[in-house]
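Here is the structure we will look at.
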Amino acid sequence: MQDRILLIEDDEELRGLLARYLNGQGFVVREAATGNDGLALAQDELADLVVLDIMLPDINGLDVLRQLRYRTRLPVILLTARGEETDRIVGFEVGADDYIPKPCNPRELVARIQAALRRVAWDQETEGPRAQTIGDLRIEPDERRVYQDDQPVELTATEYEILQVLISRAGSVVRKTDLMQWALGRRLTPHDRTLDMHVSNLRRKLDKGESSRIETIRGLGYSYRRPA
């Protein structure tokens, strides 16, 4: 079965170029030029992944993302203006899984899409371990959900993957290069702060005023502190 992509982009020329390229790579593409149209198509649940432009004519793409997150856990890749780091940070806080700056290389977009879809497919096809408890967190692999003090924590698919990797190696340092490959399915490149932003969001969602459970090991990577 072909993977289905929902492409929400108001620039007709760019949207057409990306749609043709994605079709040529074997994807089924549904197109929307506005946020409202994109949300209407997303309601049909006929997509496996969403590519979402932030700058839309009717609804800001970040607001579209917020509404998507109320309804679905589909992976979402943001198209952002080059250099707009604030948009990228807010996008990750709202629930984006990845981003790519515009103008984007269609080949890179396909690589990001394939990496995100591989993570989803692996999670669906692999029989995961039983529920794991570490301190106040309980991880339910079958549900792909995390509970803190028995209350669900809303994580994106990428945040869940990062947390899974860190907890599986609690007390040890996970190098950034390895964490990027295992959790996001791609190589770490210079000046790419995607991983740092996801970890920042995890800290914001999991820490309750105490020192962070995810430690930064300068020059190496991250480590999940074992509970005392």
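Any residue at all in the range 5-20 that is closer than 22 Å to residue 144 by Cβ and either in contact (Cβ under 8 Å) with a residue 40 or more places away in the chain or not assigned by TED's automatic domain parsing to the domain that holds residue 205 (or both)? Yes. Note on the range 117-226: enclosed strands (runs of 3 or more DSSP E) holding 1 or more residues that are surrounded by 19 or more Cβ atoms within 10 Å (Cβ to Cβ), outside the structural domain of residue 87 (by TED's automatic domain parsing) and free of Cβ contacts under 8 Å to residues at least 24 places away in the same chain are 145-148. Selection over the range 52-73 of residues that are touching a residue at least 40 places away in the same chain (Cβ under 8 Å), of a type outside the set (Lys, Arg) and in contact with a helix residue (DSSP H, G or I) (Cβ under 7 Å, 6 or more places away or on another chain) gives a count of 6.
The values are calculated or read from the model by the stated rules, or taken from the named source; none is laboratory data. Treat the numbers as computed from the prediction; the structure is a model and nothing was measured. Note: ideal-geometry Cβ built from the backbone for every residue, glycine included; neighbour counts use all protein chains shown.
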